[in-house]
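A.B. asks: Shown below is the structure under consideration.
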Amino acid sequence: MFEYFIKKEKFYSQENELSIKNLEPIVEKSLNRLASTFEFIDSSKNAETKHYLLAIKKTINELKPYEIDLSINDKTIISTYIEELIDFIDLESSEGLLNEFVYGFDPTKK
């Protein structure tokens, strides 16, 4: 499943392409690295939710330098790919990390 994710074409249509095409290879590399990290964590004997969350946080931090160029729509597309990986491992939640990335805050927290 992780290998499938890494090999599959991302940003292939108008519905899921980023507004700045030059960022697509950078984002794709980060997403694929996250998939590889998830695969590594998943294969370990001591996989815990916190390990996956740390990997997500690291990926989001990798994208911080480009954040000013990413629209909310771009961030939503990226988050959808991360959610796909989260579904592979049956993680219940990103614990607000994706909301923070897309919207700048977690609307589930008051």
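Here, each number is a calculation from the coordinates, and none is a lab measurement. All values reported here derive from a predicted model rather than from experimental measurement. FYI the Cβ positions are ideal-geometry reconstructions off the backbone, even for glycines, and counts take in every protein chain you see.
A.B. asks: Can you pull out the trypsin sites (Lys or Arg not before Pro) in the stretch 1-67 that DSSP calls coil and that have at most 15 other Cβ atoms within 10 Å?
C.D. replies: Those satisfying the criteria are K8, K45.
A.B. asks: Another question, then. With the cut-off at 24 Å, tell me which of the pairs K7/K58; K21/K109; K8/K45; K7/K75; K21/K50 have Cα atoms farther apart than that.
C.D. replies: K21/K109; K8/K45; K21/K50
A.B. asks: Here's a follow-up. In nm, give the distance between the simple-model label positions of N73 and D106, each being 7 Å from the Cα along the Cα-to-Cβ direction.
C.D. replies: 2.9
A.B. asks: Kindly provide the helix-only [θ] at 222 nm of the chain, computed as the sum of -39,500 (n - 2.57) over DSSP H runs of four or more divided by all residues, to the nearest 500 deg cm²/dmol?
C.D. replies: -18500 deg cm²/dmol
A.B. asks: Just check the stretch 60-110 against the gyration tensor rule for me: Cα atoms, a ≥ b ≥ c as the square roots of the eigenvalues, rounded for a/c under 1.5, and otherwise prolate or oblate depending on whether a/b exceeds b/c.
C.D. replies: oblate
A.B. asks: Out of the stretch 1-104, which GluC sites (Glu not before Pro) are coil in DSSP terms and have no more than 11 other C-beta atoms within 10 Å?
C.D. replies: Those that pass, being in a loop and sparsely packed, are E9, E15, E48, E92.
A.B. asks: With a length cut of 20 Å (Cα positions projected on each helix's long axis) and a Kyte-Doolittle mean of at least 0.0, go through the chain and give me the DSSP H helices that pass.
C.D. replies: 72-88
A.B. asks: How many percent of the alpha carbon pairs in the chain exceed a separation of 17 Å?
C.D. replies: I get 52 percent for the Cα pairs in the chain exceeding 17 Å.
A.B. asks: Follow-up. What does the charge count around F101 come to, taking other residues whose C-beta lies under 9 Å from its C-beta (Lys +1, Arg +1, Asp -1, Glu -1)?
C.D. replies: After counting each charged neighbour, the total is -1.
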